[in-house]
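Visitor: Structure below; questions to follow.
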Amino acid sequence: MAAAAGSLGVLILTLWFTKYWPASSWPVVSREQAIEKARNVAQQFGFKATNSQVTLTTTVAKVLAYYLQRHPADENARAVSPLSERISFASAKNKKAEVGLDSAGVPVYWRAPKDFDSNRPAASEMEAAQKAFELLSGRDASSFTGPSKSMADDPKDEEYVWKRTPPAQSQVRDQIKILAENTQVLKAQRTLSVASSEEMDTDTGDDHAYWPILGVIFWTICSLGSLVLIVILILWLVRRSLNVRFALTAAGVAAAVIAVTLLAGANAEKLRDDDGDWGGPVFLMVLAVFCLVAVGSVLSKETRPKWMSLEQLFGLAPLAKATGESLAAGVLCSPLLVAIPFLIAGCGLFAQSAVVAQDVGVLFSPRPLLDTLDIPGALYVLGFFGFALPLLRRMLRRRWLLLLIALPIGVVFFAYSARVVTGPIIAPLTAGFCSLALFGFLYKYFDLLAVLTLQVTSGLVLGMISLGSKGGSVWPFVVLLLALMMAALWLSTSGQAVAEGDPRAAIPDFSSFRAEREKLQAEFSVARRAQQGMLPQAPPTIPGYSIAASCTPSLEVGGDLYDFLTLPDGRIGIGVADVSGKGVPAALYMTLTKGLLASVSEDSSQLKTVVEEVNRHLHGVTRKKVFVTMALGFLDAEKRVLQCVRAGHNPMVWRQTSKGKTSLVAPAGLGLGITAGRIFGTQLKVEEMELDEGDAVVFYSDGITEAMNRGLEQFGEERLMEAVEKTDQMDAAGTHDSILSAVREFLGGVHPQDDMTLVVLRVGMRG
Amino acid sequence: MANPFSIHKSTEEGLSVLALEGYLDAHTAPEFEKTVQAEFQAGRKQMVVECSKLTYISSAGLGVFMSFIEEIREAGGDIKICGLTPKVYQVFDILGFSALFDILPDLPATVRRFQEAPVKET
């Protein structure tokens, strides 16, 4: 499905990218050439641009770009390309000179640094202005008339203005304004502006009158959302129910990504505010990531799987299968997201719609790969799917109401935040709807990680084809995308299936309710101590035998149990039991089972009677769905006879050392609490084992045999029996530890998903 | 697409067939439970649970089979199970379910068993 979407995207892009990408028809020089040309221009204004820090930013005159798409034959409008780069040379604080070039390298702008002292002073103010005019007008100089004088931005100053007489059919005004003082030029600018009859708001330089309206809606959504976010954040901070650690990790990752981008210098300009300061905006962005993740991941209680692979990526299982699937889906769908604006422009349904060449900085970036990392874009997507949607979902229980409210918000949100299609208002709204639909598809069938991957990789894809269509090197992009895709596919086929079994309950470290858990942790650790205290302090001492036992709950409290009994006839009872389910309910039934076993065995030494009685009581009190499995053995120490029953429990392992034989002891028997007396009794079989010197009997719970490693293999009975065979010369404690370390080694760092209980009985060995 | 689980309902010679697919665990068990309950309340008391596409069953999943069986048998119906993969069969078997339920290789065999013994003798 995702692959089909991707192919569709590739198809659309192949058909329509060069046709509808505005920058396709603009000549572009390289970054190095642009800087060299700018240096020359600065030199001519008398500024020595060596030893200074160079930054390059790009802007697109969208109105002009749009006009050019509709009037490709207007030579007048082609005098200067709509894509221009500003090259600033900063030698010290406030000593920043700026040169503007169009994408072909034609000078269009000059601004002198503060307290400028030109090393090439002109004879007079007029002569300085004249020289600047010649530089900016180039070969078009003869078609300009002027100069006339007009008021500059600062009313104290006057500018010299030259105007080009436009041909009759052209709507574009070409003019050059120069601000000179005494003998030097402070500011010079050539602008091509489109007359207002083109239905465009030329004052703001915006494409269409409706963009400000969409912008107001967009920012209202954003600020209302932020307000709600902050209120929830504060409330939950007080209640300590936030997912702080996960949010800190996410914020840390965001900070690292931004730091790399800043250090690389490529994307730095995008992260600066209007005053050129980047500290504030970066701090705000990292803070926003923290708030969104802290609140969003807890808010999404009902849609928690949506956060899971993201949490796993930053958590203990970065190699999870679901992570791979999400990554692959995101990468595969990205060409389609990039293609949406071109589809809108090319499909012919929306007259006069066009693609806006919004971000062409990649063409002049020293490190194009990093320049395509759109951090604010990812933040918007995280805000919508990670926070706004779960919030609305919580507030609005009815599905149709949710759709009715979330859909228009999403459409406006995506139309405005992408801002890539212009034309009649229906065109960008349709583009917004299509983007929302694509993101929504990934969110519904995959998760948040897929959505974020789509956003990030679509930046890469757009950057790659933009650069490629201008003859730039796209290999880093191809390599990165392929590597990402391979990694994702590899993960999705051979990753660890965290979803196996009871994912959310089984892997508590991924629980998003970390803070809530912390609150409960104190109480749980009391419960855990109480429960562990219920297990025997130490195995009984039986002359001629050694015994070792342990129970490791997977959660704070568990449903596993082992116990030793002293029976009225002097025999010793050894029992292991496992309650269905996990956590607190299982722990309660575990306690009940332990009590029943202890009290019933005070009155009877008959193995079958004891187990039948426990079953009768359990069946009376358990809810219908709960059952308990148990393996119970009564040992006659002197006669070396062990009587065993297996009530729905895993079979015991019997190692007959002297015979070199290992077997599973599995007499028939139903789980406890499943069915009442008669049928339970007829099914339950007792098996008698005649033990020999050196024999070992191992009781265990399914947490041992079903322990699962990253490769989805279970430890299994075979491995357990092999582990037992290797311990023939050890006493019970040695055997016990050796088995557990074999399980741990097998798991290779994966957290056990179930309680693990192990009891070993060894005959003899001077025990 | 974490934890996929689905139930496909159909009828076969008047029996209600519930074909399970995917993971039946603590999170998906309620869906199965609701389905069985709905069938029972609609008067379809003879149910076949077809498990050839069931890849995993946890104790909570097993609990669903137990929770209705007495009620259904008292009403003259039964739940019979067929198509278990060896891995899932082992889980049923260890718990002793083979003594409590009719477990059959495939659907036709289950249909025949319903004709021979509508309620399992226990």
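The values are calculated or read from the model by the stated rules, or taken from the named source; none is laboratory data. It should be emphasised that the depicted structure is a prediction, and the values quoted were computed from it without experimental measurement. Methodologically, a virtual Cβ is constructed for each residue, glycine included, from the backbone with ideal geometry; neighbour enumeration extends over all protein chains shown. Areas reflect the complete protein model, heavy atoms only, side chains present, ligands, DNA and RNA absent. Shrake-Rupley method; radii C 1.70, N 1.55, O 1.52, S 1.80 Å.
Visitor: Of the accessible area of chain B, with the probe set at 1.4 angstrom, what percent is carbon plus sulfur? Don't skip to the answer; put the middle values down first.
Guide: On the way: 2670 of 5290 Å².
Accessible surface attributable to carbon and sulfur in chain B totals 50 percent.
Visitor: Then there is this: Could you compute the FRET efficiency for A:Ser7 and A:Trp475, with r as their C-beta to C-beta distance and R0 at 25 Å, rounded to 0.05?
Guide: Computed FRET efficiency for A:Ser7 and A:Trp475: 0.65.
Visitor: With a 1.4 Å probe and every protein chain left in place, work out the accessible area per residue of chain A in Å², rounded to a whole number.
Guide: 43
Visitor: Length gain on complete extension for the stretch A:Leu401 to A:Val621, per 0.36 nm per residue less the alpha carbon to alpha carbon distance?
Guide: Gain on stretching A:Leu401 to A:Val621: 74.8 nm.
Visitor: Hey, which lysines would be in cross-link range of A:Lys62, C-alpha to C-alpha under 20 Å, not counting anything within fewer than 8 residues on its own chain?
Guide: By straight Cα distance, A:Lys62 reaches A:Lys19, A:Lys270, A:Lys470.
Visitor: For a quick check of your reading of the filter: which trypsin sites (Lys or Arg not before Pro) in segment A:317-407 sit in a DSSP loop and have no more than 12 other Cβ atoms within 10 Å?
Guide: Counting only loop positions with at most 12 other Cβ atoms within 10 Å, the trypsin sites (Lys or Arg not before Pro) in segment A:317-407 are A:Arg397, A:Arg398.
Visitor: Once you have the Kirkwood Rh of segment B:5-114 from its Cα pairs, apply Stokes-Einstein at 20 °C and 1.002 mPa s and quote D in µm²/s.
Guide: 157
Visitor: What Kirkwood hydrodynamic radius, in Å, does segment A:611-710 give when the mean of 1/r is taken over all pairs of distinct Cα atoms and then inverted?
Guide: Every distinct Cα pair counted, the radius reaches 14.7 Å.
Visitor: Another question, if that's okay. Using just the Cα positions, wrap the protein assembly as shown in a convex hull and report its mean projected area in square nanometres, one decimal place.
Guide: 45.6
Visitor: If r is the Cβ-Cβ distance from A:Asp728 to B:Gln90 and R0 is 22 Å, what FRET efficiency results, to the nearest 0.05?
Guide: Working from the Cβ atoms, E equals 0.20.
Visitor: Once Lys and Arg get +1 and Asp and Glu get -1 on their Cβ, which of B:Thr35, A:Cys333, A:Val750 lies farthest toward the positive end of the dipole of the protein assembly as shown?
Guide: A:Cys333
Visitor: Angle check, please: helix A:125-137 long axis (alpha carbons) against the longest principal axis of chain A (alpha carbons), in degrees 0 to 90, nearest 10.
Guide: 60
Visitor: Other chains near B:19-25: what is the mean number of their Cβ atoms within 10 Å of each residue's Cβ?
Guide: Numbers: counts 0, 0, 0, 0, 6, 0, 7.
Whole-number average of other-chain Cβ neighbours for B:19-25 is 2.
Visitor: Arrange the peptides A:404-412, A:227-235 so that the one whose residues have, on average, the most other Cβ atoms within 10 Å appears first.
Guide: The peptides rank, most packed first, as A:404-412, A:227-235.
Visitor: Just to verify a number: FRET efficiency for A:Ala168 and A:Thr191, C-beta to C-beta distance, R0 = 22 Å, to 0.05?
Guide: 0.60
Visitor: Could you work out how far helix A:583-603 tilts from the main Cα principal axis of chain A, as a 0 to 90 degree angle to the nearest 10?
Guide: Orientation of helix A:583-603: about 0 degrees from the principal axis.
Visitor: Still on this model: Per residue of B:61-70, what is the mean number of Cβ atoms on other protein chains within 10 angstrom of that residue's Cβ?
Guide: Per residue, the average neighbour count from other chains is 4.
Visitor: Still on this structure, I have one more. Treating only the Cβ of Lys, Arg, Asp and Glu as charged (+1, +1, -1, -1), what charge dipole size does the protein assembly as shown show about its Cα centre? Round to the nearest 20 debye. Show your work: numbers first, answer last.
Guide: Working: 82 positive and 91 negative charges, 327 e Å.
Dipole size: approximately 1580 debye.
Visitor: Moving on to the next point. To the nearest 100 Å², how much accessible surface do chains B and A cover up together, summed over both, with a 1.4 Å probe?
Guide: The B and A chains share an interface burying roughly 2400 Å².
Visitor: Roll a 1.4 Å probe over the protein chains and send me the accessible area per residue for segment B:5-114 in Å².
Guide: I get 40 Å² per residue for segment B:5-114.
Visitor: How much length is gained on full extension from A:Glu32 to A:Ala676, taking 0.36 nm per residue of separation minus their Cα-Cα distance?
Guide: 223.2 nm
Visitor: Cα-Cα over 28 Å: which of A:Lys321/B:Lys53; B:Lys53/B:Lys120; A:Lys95/A:Lys177; A:Lys306/B:Lys45?
Guide: Cα-Cα > 28 Å for A:Lys306/B:Lys45; rest within.
Visitor: Once Lys and Arg get +1 and Asp and Glu get -1 on their Cβ, which of A:Ala598, A:Val29, A:Ile178 lies farthest toward the positive end of the dipole of chain A?
Guide: Among A:Ala598, A:Val29, A:Ile178, the one farthest towards the positive end of the dipole of chain A is A:Ile178.
Visitor: Filter the cross-link list A:Lys582/A:Lys625; A:Lys582/A:Lys726; A:Lys37/A:Lys187; A:Lys131/A:Lys163; A:Lys48/A:Lys131; A:Lys582/A:Lys608 down to pairs whose alpha-carbon distance in this structure exceeds 23 Å.
Guide: Over 23 Å Cα-Cα: A:Lys582/A:Lys726; A:Lys582/A:Lys608.
Visitor: Roughly how many whole Å is it from the C-alpha centroid of segment A:430-457 to that of segment A:522-570?
Guide: 51
Visitor: Using Cα atoms only, what is the angle between the long axis of helix A:607-621 and the major principal axis of chain A, expressed in degrees (0 to 90) to the nearest 10?
Guide: Its long axis makes an angle of about 50 degrees.
Visitor: Just tell me how shielded B:85-98 is by partners: mean number of partner chain Cβ atoms within 10 Å of each residue's Cβ, no decimals.
Guide: 4
Visitor: Defining a contact as two alpha carbons under 8 Å apart and six or more residues distant in sequence, what relative contact order in percent does segment A:548-646 show? It would help to have the intermediate numbers written out before the result.
Guide: Details: 157 pairs, mean separation 28.3, N = 99.
Over segment A:548-646, the number comes to 29 percent.
Visitor: Choose one of A:Leu382, A:Pro428, A:Gly361: the residue whose Cα lies farthest towards the positive end of the charge dipole of chain A (beta-carbon charges +1 Lys, Arg; -1 Asp, Glu; about the Cα centre).
Guide: Positive-end residue among those listed: A:Pro428.
Visitor: Counting Lys and Arg as +1 and Asp and Glu as -1, each charge on the Cβ, what is the dipole of segment B:5-114 about the Cα centre in debye, to the nearest 20?
Guide: The dipole magnitude comes to about 140 debye.
Visitor: How many nm separate the modelled label positions at B:Glu13 and A:Tyr210, each set 7 Å beyond the Cα in the direction of the Cβ?
Guide: The answer from the label model is 6.4 nm.
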